[in-house]
Structures are given as structure tokens and as C-alpha cells.
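Notes for the one structure printed next.
The values are calculated or read from the model by the stated rules, or taken from the named source; none is laboratory data. Computed from a predicted model, the values in this text were never measured in an experiment. Cβ placement follows ideal geometry from the backbone for every residue including glycine, while neighbour counts extend to all protein chains displayed.
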Amino acid sequence: MSVIVFLSAAMALLLMDSALAHGLVEDLEESRIPLILGGLLPVVLWLIYAVGAWRVPPTRGRWLAFHAASLAAALTMFGAFGGWSANSSAIHMIEHMLIMVFIAPFYVMARPLPQWRAISGRTSIWLCMPLLRLSRYPLRAACLQSGAIWFWHTPKLYNLVLARPWWHLVEHVCLALIAGIFWWSILHRRSALALLALLLTLMATGMLGAVLTFAHMPLFDDSSSLQDQQLAGLIMWAPAGLPYLLAGAWCGRRLLSSKYAPSSIKWE
């Protein structure tokens, strides 16, 4: 646990140093506050989990999944507001894909609610319950996620996010929550609809990736060139689609295994 506390403290200090370097105290109009909030959010959840894990020990696999997701989340949020992606659609796309196909599913696989509840009581359950209810319906979760991806990648909203740090924070939190709902509906339900939900999401991201790849002009203000935007499209189209394919193979194997005979497959 001491290692986790050290890493969390180091990340918090790094975020504070970056914020002060950008003139948080002198110029609030620069709105570096989202940098602090965006970076501290995963750090706070990380610390709560680390303390809760002493009271309710998780399995080693879940423990590793949570810490991997937390580290990636903190670095991604820091990079998003630290200016790493300010002039590159490709790097910005990598941030989005990390949130949706790495951080969110690893948080879901970690099942951190027992550890959070050990510290926060029923508050964590109360906060997560609406999301858990939505996750009962894989196709609805897939439609919600697909709609969110297209919504936040329309040129007007995308450029608004680049210009307004608060909107940038809202976008990332929105994508993370919706991706969490989606992956929970896929990984924790024995339903054949999970395969259809994965296919729908793969089609939605693939179509958006194709639009960005074959566009004849830059659509976003952070595109340093048309080639940069095309690279962003390829990232969404190919590498980002691999986790959905792997999840589909896993769901299919689970449904067709001897443990889950075809007669027990649920279509709801």
C-alpha cells in the first residue's frame, strides 16, 4: 500500500506543479482548475481503493487491474490537460481510446465497489446504482456509447472541447462513465446480446474512423495536418477495434462452452 500512496502523492504533486507552472494563481481565466480536478479524480479513487483493499482484500487479478487502470487514468488526464494533445488529433484520439478500451474495462474487471464501500459506506453504492441499472441492457449501452463517440467527435463540439478546459473535463468524464456502463454490460452478463452490442460498437467506431481517414480536409482545430487527422482515424479504426474483437471472441467462447450450453443462452 505504501507504494500506491507514494505514486498517488507523486502524481498529485506533478499535477499541482503543472498547474502552477501554467499560472493558476495569477490567471484563473486560463482555467487550470480542470487540470487539477481531472488529475486528482483518479488519484482520489485510487487512494480510497488502496485503503479499502486492506479491509476487503480483492483477488490479485482484480488488484492488478484496478492499479493498472488508475495509473493509466491519472497519466491520461494529466496528458489531456497538460497540453500533450493540443496540436495533434492523433494524440487526442489515443487519449480517448485509452479511456474507452483500456481504462474503463480494467476498472470494470477490477470490481472495486466492495473496496470503495468499505470506506464510503453506502454512498458509493448510491452513486453507482444508476449506472449499474443502465448496464442491464447491452444494446442500449452500446447505442449510448456509440452516440457519445459520434457526439463528442462532431467538429463543433470537438473544437469547443479544445478551446474550453471545463468542456474537456466533461467530455472525458462522460466517455469514461459511458464506457464503464458498456463494459459492465458486456463483461458481467451472460447474454448473447453482448455480442450484438460489441458488433454495433465496432461498426460505430469503424465508421467514424473511416470518416476521419478519408476526409479531404482537416475537421478539427488540433489537426496539425490532414495526415495527422488521417492517423487519428486509423487509430480509431484499427488498433482501437482490437479490444472489441477480443471481447467478442471471449463472449462467444463463453456462450458456446460446455459450461454455458446453447440452451442456456439468454437473449435479454
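For MET217, the criteria (1) closer than 20 Å to LYS156 by Cβ; (2) aliphatic (A, V, I, L, M); (3) assigned to a helix (DSSP H, G or I) hold in every case but one, which is (3). Can you confirm whether ALA90 is within 30 Å of THR213 (Cβ to Cβ), modelled with pLDDT of 80 or more and in a helix (DSSP H, G or I)? Answer is yes for this residue. Scanning region 122-168 for residues being crowded, with 18+ Cβ neighbours inside 10 Å, of a type in the set (Gly, Ala, Ser) and either in contact (Cβ under 8 Å) with a residue 12 or more places away in the chain or under 27 Å from ARG32 (Cα atoms) (or both) gives a total of 5. Has region 137-153 got at least one residue that is touching a helix residue (DSSP H, G or I) at 6+ places or on another chain (Cβ under 7 Å), hydroxyl-bearing (Ser, Thr, Tyr) and part of a helix (DSSP H, G or I)? Yes - at least one qualifying residue is present in region 137-153.
Taken over region 184-211, the criterion of being in contact with a Phe, Trp or Tyr (Cβ under 8 Å, 6 or more places away or on another chain) and either closer than 21 Å to ALA110 by Cβ or modelled with pLDDT of 90 or more (or both) is satisfied by SER185, ARG190, ALA197, LEU198, THR201, LEU202, ALA204, THR205, GLY206, LEU208, GLY209, ALA210.
Here TRP116, TRP150 are screened, and the one residue that is within 29 Å of ALA50 (Cα to Cα) and among the aromatic types (Phe, Trp, Tyr) is TRP116. Determine whether PHE102 is under 19 Å from GLU171 (Cβ atoms), part of a helix (DSSP H, G or I) and out of contact with any Leu (no Cβ under 8 Å at 6 or more places or on another chain). For PHE102, the condition - under 19 Å from GLU171 (Cβ atoms), part of a helix (DSSP H, G or I) and out of contact with any Leu (no Cβ under 8 Å at 6 or more places or on another chain) - is met. Scanning region 169-225 for residues that are exposed (fewer than 15 other Cβ atoms within 10 Å of the Cβ) and either touching a strand residue (DSSP E or B) at 6+ places or on another chain (Cβ under 8 Å) or among the charged types (D, E, K, R) (or both) turns up just one, ARG190. Looking across region 154-170, the residues that are within 17 Å of THR205 (Cα to Cα) and either touching a helix residue (DSSP H, G or I) at 6+ places or on another chain (Cβ under 6 Å) or assigned to a helix (DSSP H, G or I) (or both) come down to PRO155, TYR158.
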